[in-house]
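Structure, as structure tokens:
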2 protein chains.
Amino acid sequence: MTRNSQTVPRSQRRARTAERILAAARALFAESGYDRTTIRAVATRAEVDPALVMQHFGSKDELFRRAITVSSQEADEGGQEKLVELLLGILGVKMGEVSGTSLALLRSMLTHPEAAEQVKAANTRQLNQISGAIEAEDAELRAALTVSTLLGVTIGRHLLELDVLREADTERIAELMKPCLEALTGRPAQS
Amino acid sequence: MTRNSQTVPRSQRRARTAERILAAARALFAESGYDRTTIRAVATRAEVDPALVMQHFGSKDELFRRAITVSSQEADEGGQEKLVELLLGILGVKMGEVSGTSLALLRSMLTHPEAAEQVKAANTRQLNQISGAIEAEDAELRAALTVSTLLGVTIGRHLLELDVLREADTERIAELMKPCLEALTGRPAQS
DNA sequence: ACAGTCACTCATCGCATGTTGAGCGAAGTG
DNA sequence: CACTTCGCTCAACATGCGATGAGTGACTGT
């Protein structure tokens, strides 16, 4: 009668509550960031004792690490399309349905050192991918500006929740951003 | 022999230490954000007792409020130039020498509710100023995207401190961003 | 059915933080 | 010089946090 009073193997039950805790953690980290999210709050949301969270993840930092770690398959998906299409894809991924994992990460990137590292690493990855496809000079700088630009839009839309951006249609945003990105990348795929 | 062992009037002396505390607070808030900045740390940096900080500002929240409040003259400067020039001006202001006040505000905007409100308010102000000058349809949306874009670059450069952006010359960045902004605003001042 | 395992809870600790009030000593005032 | 004012410090409190370790009861395999 603890929670899942079904015939579920013990190991699987444990794995499920672990996932439930992780989901609660992701949600709260995404809402309030690292510092303002307490283990107690995560436990409450997961309908579990705070101590259990510790038993599962060892420490708050480790919980956070697990919460913001993208499944590395999720990270590397998205093939080798044309540049701007790729960028709009990033925009789409980041805007259409940004994963709770990403939001948790982004929310804390300005205040939690490791989150910042993680974001910088992700940026570097995208940057390399993009800059290789830019023919113009200053390819790296252009790529960095491009990524930052997209980051800004994502922040405005999902973290700050600026009304105008939140209400706007994803496709319309992508449409408006396209020439902007083309300009930054040296217009590889002009309309 | 406390600190300024000169013939300084008492009121002025108090005002000076208040300013010293405020400066320390701004620096720390800009470095670490609201939650990770402790009153004790501010006091230490200002070479002052923690209790004195309370006596001056009443609470940590009030200290933060004072630390992130732009002097309202500083906010409204920058005349009515042509649109893209204005934007590049914002870029310049935000990039060349971003004030500690702004950095303190920006650093906490994702985790501190009031900081978020403040940023959104500032964004709305800029948004109105910009959208009025855009002739294309979706003026508001375009303006919001423009502001978010600049926000992203500022974050990447000064908060995340992405290497490529930090090392880049301000003018070069402005130069690269110009066509991008023109595209977003409907190219009002084409080269 | 019995013993052991294991997911989970309870009570509690240590610590850092924001905040407070009493007190000190130098600057100001008559 | 007496007396007050006031900028400032010291010691302490209350709270909420992450973290710990002993305990409990249900599930498991034999």
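When B:Pro50 is represented by a point 7 angstrom out along its Cα-to-C-beta vector, the spacings to that point in the other copies are 2.0 nm, nearest first. Mean separation of Cα pairs under 8 Å and 6+ residues apart, divided by the residue count of the range B:10-68: what relative contact order is that in percent? Once normalised by length, the contact order is 38 percent. Our estimate of slack between B:Arg65 and B:Ala51, defined as 0.36 nm per intervening residue step minus the Cα-Cα distance, is 3.2 nm. Summing both sides, the accessible surface hidden between B and A at a 1.4 Å probe radius is close to 3900 Å². Of the listed residues A:Arg142, B:Arg125, the order by accessible area with a 1.4 Å probe, largest first, is B:Arg125, A:Arg142. Placing a label point 7 Å from the Cα of B:Asp35 along the Cα-to-Cβ direction, the distances to the matching points in the other copies come to 0.7 nm, shortest first.
Here the Karplus relation 6.51 cos²θ - 1.76 cosθ + 1.60, evaluated at θ = phi - 60°, turns the backbone of the range B:35-52 into coupling constants of 5, 7, 9, 9, 4, 4, 5, 4, 4, 4, 5, 8, 6, 8, 6, x, 4, 5 Hz, with x for every Gly and Pro.
Figure note: A:Leu28, A:Leu52, B:Leu165 ranked by solvent-accessible area, largest first, 1.4 Å probe, ligands and nucleic acids not counted: A:Leu52, A:Leu28, B:Leu165. For the rotation that carries chain A onto chain B, the axis lies closest to a Cβ at A:Gly152, 1, where the number is the distance in whole Å.
Looking only at the range A:138-158, which residues have a backbone nitrogen under 17 Å from a spot 7 Å from the Cα of B:Arg166 in the C-beta direction? Zone members listed by number: A:141, A:144-145, A:148. Take B:Gln129, move 7 Å from Cα toward the beta carbon, and the resulting point lies 3.6 nm from the same point in each other copy, nearest first.
Entry note, the range A:83-185: relative contact order of 35 percent, from Cα contacts under 8 Å with a spacing of 6+ residues. From the square roots a ≥ b ≥ c of the eigenvalues of the alpha-carbon gyration tensor of the range A:10-68, which class results: rounded (a/c under 1.5), prolate (a/b over b/c), or oblate? Note, shape of the range A:10-68 comes out prolate.
Largest first, the residues A:Arg13, B:Arg16, B:Arg40 sort by 1.4 Å accessible area into B:Arg40, B:Arg16, A:Arg13.
The values are calculated or read from the model by the stated rules, or taken from the named source; none is laboratory data. Since we're looking at a predicted model, the values are computed, not measured. A quick note on method: Cβ atoms are made from the backbone with ideal geometry, for glycine too, and the neighbour counts reach across all protein chains shown. Note: accessible area is taken over every heavy atom of the protein model, side chains too, but ligands, DNA and RNA are not part of it. Shrake-Rupley method; radii C 1.70, N 1.55, O 1.52, S 1.80 Å.
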